[in-house]
1. Below 13 angstrom from the Cβ of residue 1, what's the summed charge of the other residues (Lys, Arg +1; Asp, Glu -1)?
2. Let me check something: with ligands and nucleic acids excluded, how do 4, 22, 35 order by accessible area (1.4 Å probe), largest to smallest?
3. Given a 1.4 Å probe and heavy atoms of the protein chains only, how would you sort 38, 19, largest accessible area at the top?
4. Roughly what would the spin-label model give for residue 55 and residue 43, points 7 Å off Cα along C-beta, in nm?
5. Residue 6: which lysines have alpha carbons under 20 Å from its alpha carbon, excluding same-chain residues fewer than 8 sequence positions away?
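The values are calculated or read from the model by the stated rules, or taken from the named source; none is laboratory data. Since the structure is predicted, the reported quantities are computational estimates derived from the model, not experimental observations. No Cβ is skipped: glycine too gets one built from the backbone with ideal geometry, and neighbour counts run over all protein chains shown. Heads up: the accessible areas ignore ligands, DNA and RNA and are worked out on the full protein's heavy atoms, side chains in. Shrake-Rupley method; radii C 1.70, N 1.55, O 1.52, S 1.80 Å.
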Amino acid sequence: MSGIAKSTVRMANQIARNFEAIGHAAAIDATADHISSFWDPRMKAAAFELLDQSDSGFTNQARAALKKLSDQGPPPSQTRATQFNHADEAGHSDAG
């Protein structure tokens, strides 16, 4: 496996692991959303190519997120980090 493939698997697994606490189904959507939003198209392409390999090293959750992203496209946003406050409003983002 190439270095790029190993890095792709490692990063997808780390992202999926970070979302485990929110429950299986929500974590799959959140992982798919993160990959869709922040990964370079080449990284996504490399991950999708690895999906066909049973020994790719993806965790079940990372594999499910990538499969869902590949089959269905990006899920609705799973994070409120990009929802900004109005000028006179507080509470919708890390900054507010």
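1. Net charge around residue 1: 0.
2. 4, 22, 35
3. Highest to lowest solvent-accessible surface, that is 38, 19.
4. Modelled inter-label distance: 2.7 nm.
5. 44, 67
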